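Enquirer: Just dropping this structure here.
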Amino acid sequence: MLYSVLTTFLEQWNFTMKPEDYTFSEEDVEQLRQYGDRQSDARLRQRFIVLLMLETGQDRSYIASILGVSQSSIYQWLNQYLHKGIEALNSFQYQSKKSALSSEQTKELVDWVKKQARQSRSHRELCRTHL
């Protein structure tokens with residue numbers, strides 16, 4: 001019972017805490033630096049840079065303007081970090097939508113595009129030789 005009450009309290013506190021009120025520990029900063037340095041994708045590395053800039057007290061609007069990202073992205077990345085942990089920043093977490101075409105239709109479309117490209121090349125070559 002006590003565990004349940006405590007868990008509920010902590011979840012509510014984290015949910016209502018404003019991200020800008022979060023104070024990064026020295027361990028947080030070191031971990032952000034390490035993850036950022038290991039990240040090969042510049043767009044993902046930028047997330048770690050943003051959090052490190054927030055840690056130094058930089059304003060979100062200033063960070064957004066110099067890095068060319070929206071303030072809402074900055075807020076979203078900070079929320080991801082606070083609620084899902086540092087690993088959440090390490091991927092795009094993108095899930096592709098199911099194709100409207102069946103695999104058979106996709107194959108037919110690819111074949112058709114290839115055929116059109118060949119015909120177009122043949123037509124251009126024919127025009128060049130007769131002009």
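What follows draws every value from the coordinates through simple rules; no lab data is involved. The structure presented is a predicted model; accordingly, all values stated were derived computationally and were not measured. Cβ atoms come from the backbone with ideal geometry, glycine included; neighbour counts cover every protein chain shown.
Enquirer: Calculate, in nm to one decimal, what Asn79 and Ile49 gain on full extension: separation in residues at 0.36 nm each, minus their alpha carbon distance.
Expert: Numbers: separation 30, 0.36 × 30 = 10.80 nm, distance 1.50 nm.
Taking Asn79 through Ile49 to full extension adds about 9.3 nm, to one decimal.
Enquirer: Could I ask something else about it? Stretched out fully, how many nm does the piece from Thr106 to Tyr62 gain, at 0.36 nm a residue minus the Cα gap? Intermediate results must be reported in sequence, preceding the final value.
Expert: Numbers: separation 44, 0.36 × 44 = 15.84 nm, distance 4.56 nm.
Going from the current span to full extension adds 11.3 nm.
Enquirer: Bin all alpha-carbon pair distances of the range 72-115 at 5 Å intervals from 0 and give each bin's fraction as a whole percent.
Expert: Using 5 Å bins, I get a P(r) of 5, 18, 15, 11, 8, 8, 8, 13, 12, 3, 0 for the range 72-115.
Enquirer: What are the ³J(HN,Hα) values, in whole Hz, obtained from phi via the Karplus relation 6.51 cos²θ - 1.76 cosθ + 1.60 with θ = phi - 60°, for each residue of the range 27-32 in sequence order, with x given for Gly and Pro?
Expert: Working through the residues one at a time gives 5, 4, 4, 4, 5, 4 Hz.
Enquirer: Which parts of the range 75-114 would a label at Asp41 reach, counting a residue when its backbone N lies under 11 Å from a point 7 Å out along Cα-to-Cβ?
Expert: 89-95
Enquirer: What is the Cα convex hull volume of the range 25-112 when expressed per residue in Å³? All intermediate terms of the calculation are to be shown ahead of the outcome.
Expert: Details: hull volume 12.6 nm³, N = 88.
Enclosed volume per residue, from the Cα hull, is 144 Å³.
Enquirer: Still on this structure: How would you rank Phe92, Phe24, Phe48, going from fewest to most other Cβ atoms within 10 Å of each one's own Cβ? Intermediate results must be reported in sequence, preceding the final value.
Expert: Details: Phe92 8, Phe24 16, Phe48 23.
Arranged by neighbour count, lowest to highest, Phe92, Phe24, Phe48 become Phe92, Phe24, Phe48.
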